[in-house]
Amino acid sequence: MTNSTNGHRPYPRSVALVRISLEIRSGERVAILGPSGSGKTTLLHIMGGVIQPDQGSILINDRPLGSLRPGRELASLVGIIHQQFDLVPHLSVMHNVMAGRLGQWGTLGCLFSLVSPRERHLAVDALGKLGIADKLYERTSRLSGGEQQRVAMARLLVQTPKAILADEPVASLDPARAEDLMCLLTDIARESGKTLVTSLHSTQLVRTYFSRAIGLRNGELQFDLPVDAVTDNMLDALYNIAGLRVEG
Amino acid sequence: MRARPVFLESRGLLTLLLVGALAWSLSAVDWKGPLVHTGGAGSALEFFGALGNIELSPSFLKLALEACLYTVAYAVAGITLAIALGLPLGIIASGTLARSTKVRTPVVVGTRGFLAVTRSIHELVWAWLFVAAIGISPMAAILALAIPYGGILGRIYSEILNDVPEAPLRSLRASGASEWQVLLYGRLVMAIPDMLSYSFYRFECAIRAAAIMSFVGIAGLGYQIQLSLDDLLYGQVWTLLLFLVALIVLVDSWSTVVRRRLVA
């Protein structure tokens, strides 16, 4: 699987990226690092086809992203998980998980499923894998942040994309739950040989669960290295606030 | 902070305009003459005095209950038709199904314009128009309710649909959902509690409106109130007004119960 981006983007409320070229191989686990506003979300959104770059192109399996039909075709290749506010809070957990199948259903099928969910066993299996099978009929808004993140992952399991793009999936969780969730996410990716691209801030998680790290700052690529080759100095430089010196 | 002349801000300007309008309207009052109709105090006293003399005979209560049923029936028919009109028009006016702005802009502007025309004419004026066109019949009252209410509901539905948070919709799209599926599975699901509570509020309004449709000759609370007023039977008027209040309170608590079940 190839993702190469070479674009910049003056888009309202998203950070402009400057000429970034990447190639991500199938099954790779890549972490995107960088301070807030460095363009991590923009990069993930461009890779997932959520927004279009003004210049440059994205190739998935050597096919331009624009030539893939949005919906069914794109959804079977790339799945996205966000930090939060990702689910429909009014629906039951099961309905949110089954949303991963919307690409396979017609409009009428989707309407029927709201009344009587189809392919229920898929949701049961996925939630079981994530350890929250008992929440099947719960209203999604009643779940904790960590549980909601698991529901979003269960939706990805049902969607079965070849690559998972995760935008700070653990940012709103405490360290223990963050570790737990990251472990689950990488397990899922490893088991089925999925590609995983995640933006996150914890360098400790990056070193434990990822093979490659990409550093972004002000929309520019700072480094793109195997995780072992990333030094503390490089991270300090990446997160350093211009003009602020910490001494002691 | 940057200092800005307050009177240039639109809010300040609006306040000034409104205060000016009030002052102007006060200047139009003839302060020297009597402000209240001389016989008014006596009539008002008589009317409120009848509060201690409310008509509660079984035969009149039966009559009032029957009038209530008529009023509710017209209101239910009117609001049902209004929802049937307002829902599709509201979805179209929200512009959420159109893919390109080339299609969206004319469709949204056209639908909004149509909705504006239907609701800018008051239901009583519609009633008058329909009575002129098809004669005094329940159908005239129902259509007169349904058309402006459909316009109001359509307008509000379109705004509620537009105000739904985008993030869950974006991830539905990323899961492969089409725009129709996003509408059904996300947008409507999130909008329904607000749409429902606004529709209930409109149902209350429809009951009040149906009650005063008596002037086009349809049966109901308003018709009975008019008859009792003509005979100066204020005790009966109070009974009928209390029935109207009870109806509104009933609808209000029904809406609270339904909404509580939908919103967690």
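None of the figures in this text is laboratory data; all of them are computed from the coordinates on show. What you see is a predicted model, and the numbers here were worked out from it, not measured in a lab. Cβ coordinates were reconstructed from backbone atoms using ideal geometry, including for glycine residues, and neighbour counts include every protein chain displayed.
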For chain A, what does the alpha-carbon gyration tensor say about shape, rounded, prolate or oblate, given a ≥ b ≥ c as the root eigenvalues, a/c under 1.5 as rounded, and a/b over b/c as prolate?
prolate
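Let me know the mean shielding of A:90-102 by other chains, meaning the per-residue number of their Cβ atoms within 10 Å of its Cβ.
That works out to 4 on average.
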Enumerate the lysines that A:Lys40 could reach by cross-link, defined here as Cα to Cα under 21 Å, with residues fewer than 8 away along the same chain left out.
A:Lys162, A:Lys194
Using 1/(1 + (r/R0)^6) with R0 = 51 angstrom and r between the beta carbons of A:Arg63 and B:Val258, what's the FRET efficiency to the nearest 0.05?
0.55
If the convex hull of the alpha-carbon atoms of the range A:20-157 is projected onto planes in all directions, what is the mean projected area in square nanometres?
9.8 nm²
What nm value, rounded to one decimal, do you get for the distance between B:Ile136 and A:Ala229 when each label is placed 7 Å out toward the C-beta?
9.3 nm
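Take the Cβ-Cβ distance between A:Glu119 and B:Ala73 as r, set R0 to 45 Å, and report the resulting FRET efficiency rounded to the nearest 0.05. The partial results should precede the final answer.
Details: r = 44 Å, r/R0 = 0.97.
It comes out at approximately 0.55.
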Is any residue of the range A:170-206 close enough, with backbone N under 19 Å, to a label point placed 7 angstrom from the Cα of A:Ser144 along the Cα-Cβ axis, and if so, which?
A:170-185
Give me the base-10 log of I(q)/I(0) for the range B:204-245 at each q in 0.27 Å⁻¹, Debye formula, one uniform scatterer per Cα, rounded to two decimals.
-0.91
With the 8 Å Cα cutoff and a minimum separation of six or more residues, chain B has a relative contact order in percent of 26 percent
With no solvent and one equal point scatterer per Cα, compute the Debye intensity ratio I(q)/I(0) for the range B:1-117 at 0.16 Å⁻¹ and report its log10, rounded to two decimals.
-0.94
Two-site label geometry, A:Arg19 and B:Lys102: point separation in nm, points 7 Å out along Cα→Cβ:
3.5 nm
For the pair A:Glu191 and B:Val125, the simple spin-label estimate (label points 7 Å beyond Cα toward Cβ) gives in nm 6.5 nm
Amide H to amide H under 5 Å from A:Ile32: which residues, 5+ apart in sequence or cross-chain, H placed 1.01 Å off N in plane?
A:Thr198, A:Ser199, A:Leu200, A:Ile214
Cα axis of helix A:175-191 to longest principal axis of chain A: angle in degrees, 0 to 90, nearest 10?
70 degrees
Cα-based radius of gyration of the protein assembly as shown once divided by 2.2 N^0.38 Å, which approximates compact folds
1.33
To the nearest whole number, what is the average tally of beta carbon atoms from other chains within 10 Å of the beta carbons of peptide B:165-171?
6
Show the residues, 5+ positions off or on another chain, whose built amide H is closer than 5 Å to the amide H of A:Ile80.
A:Leu165
Filtered hits (aspartates and glutamates, Cα-Cα < 20 Å from B:Lys102, offset >= 8 within chain) -> B:Glu179
Calculate the tail of P(r) for the range B:129-244: the fraction of all Cα-Cα distances greater than 22 Å, expressed in %.
54 percent
Taking the alpha carbon gyration tensor of the range B:61-262, what are the square roots of 5 times its eigenvalues, largest first, to the nearest whole Å?
38, 20, 10
Any idea what the relative contact order of chain A is, in percent, if you count C-alpha pairs under 8 Å spaced at least 6 apart?
28 percent
To test your reading of the geometry: what angle, between 0 and 90 degrees and rounded to tens, separates the Cα axis of helix A:145-159 from the longest principal axis of chain A?
70 degrees
When the label point is put 7 Å from the Cα of B:Leu227 along its Cα-to-beta-carbon vector, which residues of the range B:44-81 have a backbone N closer than 15 Å?
B:57-71
Per the helix-only calculation at 222 nm, which mean residue ellipticity applies to chain B, given -39500 (n - 2.57) for every DSSP H run of n ≥ 4 and division by its residues, nearest 500 deg cm²/dmol?
-25500 deg cm²/dmol
At 18 angstrom or more along the helix axis (alpha-carbon based) and mean Kyte-Doolittle of 1.0 or higher, what helices does chain B contain? Whole DSSP H runs only.
B:10-27, B:58-94, B:138-162, B:234-262
